[in-house]
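Okay, so here's the structure we're looking at.
We did not get these values from a lab; they are worked out from the coordinates using the rules stated. Here the structure is a predicted model, which is why all the values come from computation and not from measurement. Cβ placement follows ideal geometry from the backbone for every residue including glycine, while neighbour counts extend to all protein chains displayed.
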Amino acid sequence: MFIILLMIVLGITIPILYVVHTNFFTAFPSRNYSIYTPNLEGYTKVSIDAQVINNYGIVQLTGNCYRVIAYTEPWQAQSIENGLKGKVNVRPNCHDMAKQILDLFGIKVIALKINEVRNNTYIGELLLQQGNKVLSLDVRPSDGTALAVRENAPIYIKNELLEGYGKKIC
């Protein structure tokens, strides 16, 4: 997995990924593994809405009668909105490509957890599973959200963030 991510970061091409994928799954036949269940105590599952208004990216996380509004780059909000709609543009963006890579390697997005705010920046954790291996990645919540919505994975936010940064809506 780390080799795959390193290849992506370094810009190694898809044909090489295909060769690695073919050899990897020939050597390791698939097995049925149970899906990892993350610890969600103190978290609320949220629904997502994203849009671009006047060149501002706006992402809304709503759950448990609270709504958090987060601002991001317009292209990030557009990518999240496209993911929610199942839309892929004429050429895939980086989130579409990441989804293709995860699918190719049989990696499932378990969940996105938004854990804290540090220096006015939300901090997230993307949980991935391949077979019996689970990986927790530090992720920008906007990137994690764009990927999670493409994979129909749930998104959770820590209750204290939801209540502290959110607005009561019910």
For the pair Glu41 and Lys168, the simple spin-label estimate (label points 7 Å beyond Cα toward Cβ) gives in nm 2.7 nm
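What's the magnitude of the charge dipole for segment 53-154 around its Cα centre, counting Lys and Arg as +1 and Asp and Glu as -1 at the beta-carbon? Answer in Debye, nearest 20.
On the way: 11 positive and 9 negative charges, 33 e Å.
Around 160 debye, computed over segment 53-154.
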Beyond 26 Å (Cα-Cα) in this structure, taken from Lys85/Lys133; Lys108/Lys158; Lys99/Lys167; Lys87/Lys167; Lys87/Lys133; Lys45/Lys99, we find Lys85/Lys133; Lys99/Lys167; Lys87/Lys167; Lys87/Lys133
Of 120-126, 143-149, 78-84, 132-138, ordering from highest average Cβ density within 10 Å down gives 143-149, 78-84, 120-126, 132-138
Simple spin-label estimate for Cys65/Phe105, 7 Å along Cα→Cβ, in nm, reads 4.3 nm
Each label sits 7 Å from Cα toward the beta-carbon; between Val90 and Glu73 the label points are separated, in nm, by 2.2 nm
Expected unfolding gain across Tyr33-Ile53 under the 0.36 nm per residue rule, minus the alpha-carbon gap, is 2.9 nm
